[in-house]
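A short write-up of the structure that comes next.
The values are calculated or read from the model by the stated rules, or taken from the named source; none is laboratory data. Here the structure is a predicted model, which is why all the values come from computation and not from measurement. Here the Cβ is made from the backbone with ideal geometry for all residues, glycine too, and neighbour counts use every protein chain on show. We work out accessible area using only protein heavy atoms, side chains counted, and drop any ligands, DNA or RNA first. Shrake-Rupley method; radii C 1.70, N 1.55, O 1.52, S 1.80 Å.
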Amino acid sequence: MIGGYGLTFRQKVKKWHDTESAKLRTMKFGEKIGYIFTYYWKWMLLFMIVVMFCGYVGDAVVQAHKEIVLEGFFTNDDDNLFPAGELEKDFSATLELSKKQAVVFDDSLYISQDGGATEYSAASNGKIIAYMATQELDFVVTTEAVYDFYKEDVPMADLGKLLTPELYAQLEAYLIEGVDPDGNPCFTGLDMSQSRYVAGAGADKDERITGRYVLFVPYSAPHREMLNEYLAFCFS
């Protein structure tokens, strides 16, 4: 709430902004989302509707003018290990893309496991499911808890079949068992702990990072050859 007896409106806004900013700086991403939705949920719900609408319109504009060669989502990155803009730029630099081609990554998604930030979580989950259904999403990197949540209901690709023989041999030790859409045992997850984003950045030695991040591939993933290139890049 904006308060401050005897202050002008602009001074009240500045005081409120400084106070809230100080609180948020001490929180992780998930805690920030929970706090904002607890105290400002009406404003944030309206904001999320606008943002999601603009996001879908933006994606439609990009897809109308560019060929997306790889699309991936990163969720629940409280440790800021997967900044989408940097990852997108770094991988794109290894490819010979034309001006009409693009790699698209998004790290703004958050799936709540504790009942908090329900509107934001629902919007994030809706975007993931929608992009799977339209066969646009190639992969998701998320926490192990969220991966476990999705593997119960979301059809996932068998990484043992998706990976090239050379890449499978390189990554076999990091593959996580699951089941395919027919219920047969297979590998549906990839532990990212030894990737350039975790071990390569020294984050595997950080005691503050206790969980592991897992990559999974929707069964409907469209760009499987490029996905192999990206995974080779991740673990190079």
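Annotations
- Accessible area in square angstrom per residue, region 150-236, 1.4 angstrom probe: 52
- Signed unit charges on C-beta, dipole axis of region 140-236, positive-most listed residue A169, A199, G189: A199
- Potential extension, Y219-T118 segment - 0.36 nm per residue separation minus Cα distance: 33.7 nm
- Between R212 and E144, the built amide H atoms are under 5 Å apart, and every one of these is 5 or more places off in sequence or on another chain.
- Region 154-236, dipole about Cα centre (Lys/Arg Cβ +1, Asp/Glu Cβ -1), debye to the nearest 20: 240
- In Å², nearest 10: area of M156 left accessible to a 1.4 Å probe: 0
- Ranking K151, K99 from most to least accessible surface, computed with a 1.4 Å probe over the protein chains only, gives K99, K151.
- Each residue of region 118-125 is assigned a 3J(HN,Hα), and the resulting list reads 4, 5, 5, 4, 4, 5, 5, 4 Hz, derived from the Karplus form 6.51 cos²θ - 1.76 cosθ + 1.60 (θ = phi - 60°), x at Gly and Pro.
- Principal semi-axes in Å for region 64-148 [√(5λ), Cα gyration tensor, largest first]: 25, 15, 10
- Ordered from highest to lowest accessible area with the whole protein assembly present and a 1.4 Å probe, K205, K127 read as K205, K127.
- Residues whose amide H comes within less than 5 Å of that of I176, counting only those at least five positions distant or on another chain, are T188, G189, L190, D191 (H built at 1.01 Å from N in the peptide plane).
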